[in-house]
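Accompanying notes for the structure given below.
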Amino acid sequence: MAKTIREINDKIKNNKAVVFTAEEIIPFIKQKGYKKAAEEVDVVTTGTFSPMCSSGAFLNVGHPSPRMRMQKAWLNGVAAYGGFAACDIYIGATQIPDEDPANKIYPGSFEYGGGHIIEDLIAGKDVFLRATSYGTDCYPRKELETYIDLKDLNQAYLVNPRNAYQNYNVAVNLSSGVIYTYLGVLQPNMGNVNFSCAGQLSPLLNDPYYKTIGIGTRIFLGGGIGYVIWEGTQHNPTAVRSENGVPSEGAGTLSVIGDMKKMSTRYIKGVSMLGYGASLAVGIGMPIPIVDEEMIEFVSVRDEDIYAPVVDYSSAYPKRESKIVAKVNYRDLRSGTVKILGENVQAASISSYPVAREIAETLKTWIQNGTFTLTEKVASIPGVESGQTFKPLEIRPERG
Amino acid sequence: MKSVISKNIMLHYPKEHTEKPIISNLIKRYDLTVNISRARIGQDEEGIMVIEVSGKKQNLDAGLNYLKEIGVTFKPVSMVVLMVDEKCTHCSACTVICPSDALTIEDRNTMMVSFIQDKCIACGLCIPACPYHAMEMHE
Ligand code: SF4
Ligand code: SF4
């Protein structure tokens, strides 16, 4: 018996919706079976909290007097992009201060960057804006130095081009020296494996073919409300999938938007990856409407059903070789030890499972309270049938 | 005027000294300033006190000599490493960095990362490795 989103929303408004998190639903389905569970359950909530480097914020700071069209701008010494109309700037999560020594003192500590500015703004802190321009008849000002804060900005919203990766690499270091990566510090000779995925709680792993999540889907973003606005960059629906349809490597991605003024620093945090750079950890939760039995089958996915490729970040990854060391599942990764090439290796996560769980719980409460209703997607993101792949860049010095 | 210097030290003094006015002697006899930052009487009644002593160099040396003479042992305060609970996201990145199992997930159901102070050797490796600046070194 299929349900419509409208029927589910009516139940939400009457505080009658039956909602489970993607973790809680697993034993429930085991007990009830797909058919009964699909009838009884209306929504399953997912969550993820992880560094998501392709993130950033549009800020409109308002017009100073005299007016200025900012050509170059810096927030607390970190360059923001000003190539828009006057007063609009975009601050990217991985931008670092111009004077940061980066990896000159190796490994660089990357204490502060664009992600930290976004966190500071959400925390209500003053941020120092410096801007320069060439001056025009209508925008004569050439220099600007001022403090700004979130409440005084006209608009401040995250526009993250690539978030919520559907599965991801598991990183290992086969070399004999320590390496520093965006997946953390990797000890030599397979001293540890690091991963970054919420597994059974992760949004796109619970809707592997993007049946319900699409453009226009309302989501939990950073503690506030956001929306899916497009497929994410590098979206790759044709990635390798296991029999259950779940990708066993990085696959789909989403582009999302949300109002920073409603966000909380509990779910939006600046990140410093030793020897790699600055970033932003983003908390995302997505509701999966249980419109039919197929959706309940999808949300029954468990950590042990989700496999990820172990990739050598000392050689294969930087050289862009497609070699993988092994495939492991998230139950084993989350147990703290995985067997790779016959050896027991300690596993650690860069994303937070407890915060992912908290996000799924929070979204569940919002839906149960009737404060968060579901949206019907207005368009789908490309699925397997699109044949869309993730192309590499082939460097060509000559015009084609 | 000779400049004032200060030292952070941890004193261990045996039971028989817990009654003696060691601190007031340091102040009165040696013209030192003493700030007590931590003090407790240990299990076997042995006293432990973390103090900051400051004064002129020769006074400081004489004061420390006095402590030695009366059998009070002391050492410079080692740094302590602390977890800032509000900043920790329980990601677990530090658990494979910590050489002494002081950062560990004790319960794989909650997946929460615990910091076990007693196991910490204050090596400081977790501090730059934590992406969220949740580990700090303090005196
Ligand atoms: S790496 Fe930092 S945030 Fe992650 S568990 Fe350890 S202390 Fe907490
Ligand atoms: S300082 Fe060293 S021993 Fe202490 S928790 Fe950090 S890594 Fe472990």
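The values are calculated or read from the model by the stated rules, or taken from the named source; none is laboratory data. Keep in mind it's a predicted model, so treat the numbers as computed, not measured. All Cβ positions, even for glycine, are placed from backbone atoms using ideal geometry, and neighbour counts span all protein chains on display.
Can you confirm whether A:Val240 is surrounded by fewer than 24 Cβ atoms within 10 Å (Cβ to Cβ) and either of a type in the set (Val, Ile, Thr) or touching a helix residue (DSSP H, G or I) at 6+ places or on another chain (Cβ under 7 Å) (or both)?
Here the answer is yes, as A:Val240 does meet what is asked.
What do you reckon, is A:Ser322 among the hydroxyl-bearing types (Ser, Thr, Tyr), over 27 Å from A:Asn14 (Cα atoms) and modelled with pLDDT under 95?
For A:Ser322, the condition - among the hydroxyl-bearing types (Ser, Thr, Tyr), over 27 Å from A:Asn14 (Cα atoms) and modelled with pLDDT under 95 - is met.
What number of residues within segment A:211-229 satisfy the criterion of being surrounded by 23 or more Cβ atoms within 10 Å (Cβ to Cβ) and among the aromatic types (Phe, Trp, Tyr)?
Number satisfying all stated conditions: 1.
I'm trying to understand the selection: among the residues of segment B:85-100, which are surrounded by fewer than 20 Cβ atoms within 10 Å (Cβ to Cβ) and within 13 Å of ligand 2 (Cβ to nearest atom)?
Correct list: B:Pro99, B:Ser100.
Filter segment B:78-100 down to residues that are within 27 Å of A:Asn189 (Cβ to Cβ) and away from ligand 1 (no atom under 13 Å from the Cβ), then give me how many there are.
2
Hey, does segment A:335-342 have a residue that's assigned to a helix (DSSP H, G or I) and surrounded by fewer than 23 Cβ atoms within 10 Å (Cβ to Cβ)?
yes
Is segment B:106-120 home to any residue that is surrounded by fewer than 20 Cβ atoms within 10 Å (Cβ to Cβ), of a type in the set (S, T, N, Q), near ligand 1 (Cβ under 10 Å from one of its atoms) and without any contact (Cβ under 8 Å) to a residue 24 or more places away in the chain?
There is at least one residue in segment B:106-120 that is surrounded by fewer than 20 Cβ atoms within 10 Å (Cβ to Cβ), of a type in the set (S, T, N, Q), near ligand 1 (Cβ under 10 Å from one of its atoms) and without any contact (Cβ under 8 Å) to a residue 24 or more places away in the chain.
Are any residues in segment A:234-249 part of a loop (DSSP other than H, G, I, E, B) and under 16 Å from A:Asn329 (Cα atoms), and if so, which ones?
A:Val240, A:Ser242, A:Glu243, A:Asn244, A:Gly245, A:Val246, A:Ser248, A:Glu249
Filter segment A:250-283 down to the residues that are assigned to a loop (DSSP other than H, G, I, E, B), away from chain B (no Cβ under 14 Å) and among the hydroxyl-bearing types (Ser, Thr, Tyr) and list them by number.
A:Thr253
Assess whether A:Gly285 counts as being buried (at least 22 other Cβ atoms within 10 Å of the Cβ) and touching a helix residue (DSSP H, G or I) at 6+ places or on another chain (Cβ under 7 Å).
Here the answer is yes, as A:Gly285 does meet what is asked.
I'd like to verify a number: residues in segment A:32-77 that are within 14 Å of chain B (Cβ to nearest Cβ) and assigned to a strand (DSSP E or B), how many?
Residues meeting the conditions: 4.
Would you pick out the residues in segment B:121-139 that are among the β-branched types (Val, Ile, Thr) and within 13 Å of ligand 1 (Cβ to nearest atom)?
B:Ile127
So which of A:Ser335, A:Ser314, A:Ser351 ends up being within 14 Å of chain B (Cβ to nearest Cβ) and touching a strand residue (DSSP E or B) at 6+ places or on another chain (Cβ under 6 Å)?
Exactly one residue qualifies, and that residue is A:Ser351.
Sort out which residues of segment B:105-139 are part of a strand (DSSP E or B), more than 13 Å from ligand 2 (Cβ to nearest atom) and among the polar types (S, T, N, Q), and write them in order of number.
Within segment B:105-139, no residue meets the criteria.
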